[in-house]
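*Asks:* Dropping the structure in here first, questions after.
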Amino acid sequence: MINQIFVEKEIENHHRVKSILERFASLSPIYIDHYGELFNKKNQNFRVQKSFPNLILAKKNDGHVLQAPKNFGIGDAYNFYFSHMYNCLYDCDYCFLQGMYSSADFVLFVNYEKFEDEIIEKIKQLEGRKVTFFSGYDCDSLAFEKISGFVEHFLPIFEKFPNALLELRTKSIQQEPLVFKAPIQNCVIAYSLMPGNIAKQLDRKAPSIEKRIKALEYLAKKGWQIGLRFDPLIYGKDWKVLYSDLFEDIFKRVAKDSIHSVTFGPLRFPKEMFKNLVKLNPESKLLSGPLTIRGTKMTYNAEIELEMINFCENLIKLYVPEALLFTCRGDF
């Protein structure tokens, strides 16, 4: 999976770096001054690198906790996100990361304590008010857990602050350390989902939808709060039948009281990012579909978007209270 490991010299003695290198004893690390030397190089081919990615262990110096985009949230007035890692193990057709970054290498920021400090500072600034922190913007929150130990580190932190909600966005069926820990009610395990037939075509390298549903079903029975993320909604042949079957399958297998929130949003890309995606994937049927420029985004036309959102919203309301439904039109 990992072609080569690079380590910033400044953190070569960091305990987290040493632990990760022990897991890759067969690879001799190469030491560099700054991850940008590799990650930000011009004339890289994202598609080629995706087959043989490197792992870069780095220190994040700023931007540890950022304001979430407008129109993105699950009920709280204060929303932030943080990215301990850049890039994802999976290779989904619609993933904006391939249009955002020139490199497919994985960058793991090991200075979790700095993220922790800034998260706690935000919580204290908003003392007494509910605030949500989203993980899984620039990576999958759980897929790299056996190497990163990210979730294991951050769950005890949020356990101390019940007014702060942590969302872990994932497509992974990796469940450690969740299955070995008593659930905390201010953590939502949020699964990205779409009809299985569509996922087979678009969610390259990701676990199947059936495996994801089994994973979330198991965690729900363990007592974890589950988020259902139907974002993006994908338009195509028989989409109404496919989404109807998906919703019926999920809601008959997962208890209502385990569902924290349900979100759905249209397929959307910033215009410049979309151009990069098309260059990388010129034969993509998804990117050549019924998309149009609306404002600053490339997305479905307003009629298709409204039809999909209304259809899905009306169906989901048959299974869960309307208060748990949120439409996402932000840039996540």
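Where a number appears in this text, it was derived from the coordinates with a stated rule and is not lab data. Model, not experiment: these values are computed from the prediction. Methodologically, a virtual Cβ is constructed for each residue, glycine included, from the backbone with ideal geometry; neighbour enumeration extends over all protein chains shown.
*Asks:* Order these by the 10 Å Cβ neighbour count, fewest first: ARG169, ARG294.
*Replies:* On the way: ARG169 23, ARG294 15.
If I rank by nearby Cβ atoms, fewest first, I get ARG294, ARG169.
*Asks:* How many angstrom lie between the C-alpha centres of the range 1-41 and the range 253-332?
*Replies:* If we compute the Cα centre of each part, the gap is 37 Å.
*Asks:* On to the next question. Note down the relative contact order for the chain as a percent, whole number, built from C-alpha pairs under 8 angstrom at least six residues apart.
*Replies:* Computed value for the chain: 16 percent relative contact order.
*Asks:* Put +1 on the Cβ of every Lys and Arg and -1 on every Asp and Glu Cβ in the chain; which of PRO177, SER244, PHE46 then has its Cα farthest towards the positive end of the dipole?
*Replies:* Working it through, the farthest residue towards the positive pole turns out to be SER244.
*Asks:* Give me a comma-separated list of calculated 3J(HN,Hα) values for the range 228-243, in order, Karplus coefficients 6.51, -1.76, 1.60 applied at θ = phi - 60°, integers in Hz, x for any Gly or Pro.
*Replies:* Each residue of the range 228-243 in turn: 10, 10, 9, 8, x, 6, 10, 8, x, 4, 6, 4, 5, 5, 4, 6 Hz.
*Asks:* Using modelled backbone amide H atoms (1.01 Å from N, in-plane), which distant-in-sequence or interchain residues come within less than 5 Å of LEU165's amide H?
*Replies:* Excluding prolines and chain starts, which carry no amide H, the hits are VAL131, THR132, PHE133.
*Asks:* Additional query: What aspartates and glutamates could a cross-link reach from LYS256, if we take a straight Cα to Cα line under 17 Å and drop same-chain neighbours fewer than 8 places away?
*Replies:* GLU217, GLU248, GLU313, GLU322
*Asks:* Per residue of the range 166-180, what does 6.51 cos²θ - 1.76 cosθ + 1.60 with θ = phi - 60° give for ³J(HN,Hα)? Whole Hz please, x for Gly and Pro, Karplus curve as stated.
*Replies:* Working through the residues one at a time gives 10, 9, 9, 8, 7, 10, 7, 9, 5, 10, 7, x, 4, 6, 9 Hz.
*Asks:* Then there's this: Give the lysines whose C-alpha is closer than 16 Å to that of LYS60, dropping any in the same chain fewer than 8 places away, or say none.
*Replies:* Leaving aside lysines fewer than 8 places away in the same chain, those within reach of LYS60 are LYS9, LYS114.
*Asks:* Which of MET100, MET194 comes first, and how do the rest follow, when ranked by fewest Cβ neighbours within 10 Å?
*Replies:* Ordered from fewest to most neighbouring Cβ atoms within 10 Å, MET100, MET194 come out as MET100, MET194.
*Asks:* By count of other Cβ within 10 Å, fewest leading, how are THR299, THR292 ordered?
*Replies:* Sorted ascending by nearby Cβ count, the order is THR292, THR299.
*Asks:* Name the residues whose placed amide hydrogens come within less than 5 Å of the amide hydrogen of CYS92, ignoring near sequence neighbours (fewer than 5 apart) on the same chain.
*Replies:* When sequence neighbours closer than 5 places are left aside, the close amide H contacts are ARG204.
*Asks:* Using the Karplus curve 6.51 cos²θ - 1.76 cosθ + 1.60 with θ = phi - 60°, work out ³J(HN,Hα) for each residue of the range 183-198 in order, rounded to whole Hz, and write x for Gly and Pro.
*Replies:* Along the range 183-198, the couplings run x, 10, 7, 9, 10, 10, 8, 9, 9, 7, 9, 7, x, x, 5, 6 Hz.
*Asks:* Separate question: Before rounding to the nearest 500, sum -39500 (n - 2.57) across all DSSP H runs of length at least 4 in the chain and divide by the residue total; then give [θ] at 222 nm in deg cm²/dmol. Show your work: numbers first, answer last.
*Replies:* Numbers: 12 runs with 112 residues, N = 332.
Computed mean residue ellipticity for the chain: -9500 deg cm²/dmol.
*Asks:* Next question, about the same structure. Quick query: amide H of ASP105 versus all other amide H atoms, modeled in the peptide plane; which residues come in under 5 Å with a sequence gap of 5 or more or a different chain?
*Replies:* ASN54
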